Amino acid sequence: MSALEFKGRTLVVATMHGKEKIIVPPLEARLGVRGVVAPGLDTDRFGTFTGEIPREGSPLEAARRKVLAALDATGESLGIASEGSFGPHPAIPFMAADVELLLLVDRDNDLELVAQEVSPDTNYGRRACRTLAEVETFARQVLFPSHALIVHGGNVHEKELVTKGIADPARLREAAGAVLSRQGVVTVETDMRAFHNPSRMRVIAKATEALLQKLASPCPACGWPGFVPKEKVPGLPCSWCGEPTSLALAVVSRCDRCGHAHNQHYPDGLRKSDPAYCDGCNP
Ligand SMILES: [Zn+2]
Ligand SMILES: [Zn+2]
């Protein structure tokens, strides 16, 4: 079976905030598609990071709503959307993470392909400050002014106190000072819209790479894309006592369409585990 081909097709990008500048060039170069940004699509209506409009459902559902809206609006059949989430890192305690999800939908082939990148490379944060000095300290910690800030009065629905996209120290002092003189406390948070946030752009670029990797990995049985390792089988034997450890003995690739599976043993090239990972030798 040959892999799916996208060459010559139009790819509708359901995005605002400049993400297409990161996503489109590698897809055009490697898939031979022509990227177009869905005209007039207001992706903010599917949710904003600051919470004026809450996102409904999971990030995947949000991305799906965006792609389908863009395909319906343009009459095209191939589309892509991205969705970012920020919060505690799923694997590293006390660390913030940026989770960037990309969803490719191909209505002609009934394909939905998801790629995700989880990265601690994020400046995500917010703080309530009582002085301009506190504001400036926090601003430095979250990579201002290369990364923009949002200032508000603690309630984003109070629109007259909200300033977004601040990337200039004088403007930060002015916006934060106005809120401080009015109520004595100002909330400063990172502006996570992609074109205001170079860290986020880097993670989106990695997610795009992961998507291309999946597209370049067809199932050997049926050609469906996304035949990449998905599950880990623990049990790599300890080099001292031979008992199974939590390290991977194998990884399993499985086709989403036909179920064909392939076990790759010793994915890290090691046949024995360091005893440090053994429950018996190193409790
Ligand atoms: Zn298959
Ligand atoms: Zn052992």
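Taking Cα pairs under 8 Å and at least six residues apart, what relative contact order does the chain come out at, in percent?
15 percent
Sort F86, F144 so that the residue with the fewest other Cβ atoms within 10 Å of its own Cβ comes first and the one with the most comes last.
On the way: F86 17, F144 22.
Ordered by Cβ neighbours within 10 Å, fewest first: F86, F144.
Positive end of the charge dipole of segment 1-122 (Lys, Arg +1 and Asp, Glu -1 on Cβ, about the Cα centre): tell me which of Q116, V99, A14 has its Cα farthest that way.
A14
Compute the relative contact order of segment 126-191 as a whole-number percentage, counting only Cα pairs closer than 8 Å that sit 6 or more residues apart in sequence.
About 48 percent, as a whole number.
Size of the dipole of the chain about the Cα centre, Lys and Arg at +1 and Asp and Glu at -1 on the beta carbon, nothing else charged, in debye to 20?
Rounded to the nearest 20 debye, it is 300 debye.
Any chance you could run the full-extension gain for H89 through S146? It's 0.36 nm times the residue separation minus the Cα-Cα distance, nm to one decimal.
Working: separation 57, 0.36 × 57 = 20.52 nm, distance 2.29 nm.
Extending this stretch completely gives an extra 18.2 nm.
Which semi-axes, in whole Å and largest first, does the equivalent ellipsoid of the chain have when worked out from the alpha carbon gyration tensor as the square roots of 5 times its eigenvalues?
Taking √(5λ) for each Cα gyration eigenvalue gives 39, 29, 14 Å.
Taking the beta-carbon count within 10 Å as an exposure proxy, list S199, S58 from fewest neighbours to most.
Ascending Cβ contact count within 10 Å gives the list S58, S199.
Do any of K21/K230; K66/K159; K232/K272 go past 24 Å between their Cα atoms, and which?
With Cα atoms farther than 24 Å apart: K21/K230; K66/K159.
So what's the back-of-envelope 222 nm ellipticity for the chain, counting only DSSP H runs of four-plus at -39500 (n - 2.57) apiece and dividing by all residues, rounded to 500?
After summing the helix terms and dividing by the residues of the chain, the value is -8000 deg cm²/dmol.
Give me the extension gain from D268 to D256: residue separation times 0.36 nm, minus the current Cα-Cα distance, reported in nm with one decimal.
Length difference between fully extended and current span is 1.9 nm.
Given an 8 Å cut-off on Cα distances and at least 6 residues of separation, report the relative contact order of segment 1-124 as a percent. Display every interim value, and only then the final one.
On the way: 220 pairs, mean separation 25.2, N = 124.
That works out to 20 percent.
Give, in nm to one decimal, the length gained when the segment between A210 and Q183 is fully stretched (0.36 nm per residue of separation minus the Cα-Cα distance).
5.1 nm
Any read-out appearing in this document is the output of simple, stated calculations on the displayed coordinates, not a laboratory observation. None of the values given here were measured: they were computed from a predicted structure. Methodologically, a virtual Cβ is constructed for each residue, glycine included, from the backbone with ideal geometry; neighbour enumeration extends over all protein chains shown.
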